[in-house]
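Participant: My questions will all concern the structure given below.
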């Protein structure tokens, strides 16, 4: 039976979309795209700041895809009580290579603001 008092309060998430850096070796020139939603906010031990875990598969390009699992930076204030996160890393290796990427999350709840 459903008991509201047992439900945990969900923490916010962010959308994340981007493209990997172009791999260009031995006439194999391609990149990949990704689009995902981060995991819920997790707090750094002993700090008020938080990060998000990120997991995705890239699109299927050049007969393969790449996986990624990692985490964002802490919150970056963008004003009006909103924030984003940054991530810069490498995908897992596939087809004898990996791709570097960097991206910023979208603002959580972008239309959730008070009208003045």
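Participant: Which residues, taken from segment 21-46, are surrounded by fewer than 16 Cβ atoms within 10 Å (Cβ to Cβ) and over 29 Å from residue 9 (Cβ atoms)?
Facilitator: Correct list: 21, 22, 24, 25, 26, 27, 28, 29, 30, 33.
Participant: Right, next: Would you tally the residues in segment 88-99 being outside any loop (DSSP other than H, G, I, E, B) and surrounded by 13 or more Cβ atoms within 10 Å (Cβ to Cβ)?
Facilitator: Number satisfying all stated conditions: 4.
Participant: Also, quick follow-up: Pick from segment 47-87 the residues that are within 17 Å of residue 24 (Cα to Cα) and surrounded by 16 or more Cβ atoms within 10 Å (Cβ to Cβ): which of them is nearest to the chain's Cα centre (by Cα)?
Facilitator: 66
Participant: If you check residue 108 against the conditions, is it at pLDDT below 95, surrounded by 14 or more Cβ atoms within 10 Å (Cβ to Cβ) and in a loop (DSSP other than H, G, I, E, B)?
Facilitator: So residue 108 fits the description; yes.
The values are calculated or read from the model by the stated rules, or taken from the named source; none is laboratory data. Being a predicted model, the structure only gives us computed values, none of them experimental. Note that we place each Cβ from the backbone using ideal geometry, even for glycine, and neighbour counts take in every protein chain shown.
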